[in-house]
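Everything on this sheet refers to the single structure shown next.
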Amino acid sequence: MSTETMDVFHKKTAVTLFNGVWDLMEKETRSQQETDAMIHMAHASRYHWEQAGNALNLSRGEWQISRVYAILGRAEPALYHAHRNLEICLSNEIRDFDLAYAYEALARAYLTAGDGTKYSEYMETAILAAGQIDKEENRTLLENDLNQLKLHAAKLGW
């Protein structure tokens, strides 16, 4: 196969896997097999982006992996991938929506870990970053996610 053909394959596979993970993340309940598939598909999507994508794709892949683990209550991998996401954003000058979501991922991961201090730190940073998002639709999406995090934190008495 040519390099161009492989790039098309990797990109198409990454998108299909990413969207499949999104579908599973949105389910209220998942079977164990669906949970396993969600984890494996998120990592596989990120792998395929590494073969043929760019830094923005890698950042979004790390964000999705972190979100999957946060949904599952698995703090350590959620934190690892949230930090990787932020590192990719900062080292590649990725700003706006994606940088704000990198801070959201860290707030979510620290909430999952039960670290109220770090949660608050990254929540504040995410709120500030949300104000820098150009597109209102994207800003609203992030603000909705941040509001959900605040509700969850309030249930914990934070």
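What follows draws every value from the coordinates through simple rules; no lab data is involved. Note that the structure is a prediction, hence the values are computed from the model and not measured. FYI the Cβ positions are ideal-geometry reconstructions off the backbone, even for glycines, and counts take in every protein chain you see.
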Highest-first arrangement of 40-47, 132-139, where packing means the average Cβ count within 10 Å: 40-47, 132-139
I want to check the label-to-label distance for E28 and E50. Put each point 7 Å from Cα in the C-beta direction and report it in nm to one decimal. 3.7
Once you have the Cα-Cα distance between T3 and E124, take 0.36 nm times their residue separation minus that, and quote the gain in nm to one decimal. 39.2 nm
I need the phi-derived Karplus couplings for segment 22-31: 6.51 cos²θ - 1.76 cosθ + 1.60, θ = phi - 60°, integer Hz, Gly and Pro marked x. 4, 4, 5, 5, 7, 6, 5, 10, 10, 6
Given H placed on each backbone N at 1.01 Å, which residues far from N92 in sequence or on other chains put an amide H within less than 5 Å of it? none
Positive-end residue, the chain charge dipole about Cα centroid, Cβ charges, pick of A75, S59, L128: A75
What's the tally of Lys pairs in the chain whose alpha-carbon atoms lie under 27 angstrom apart, where the two lysines are 8 or more places apart or on different chains? 9
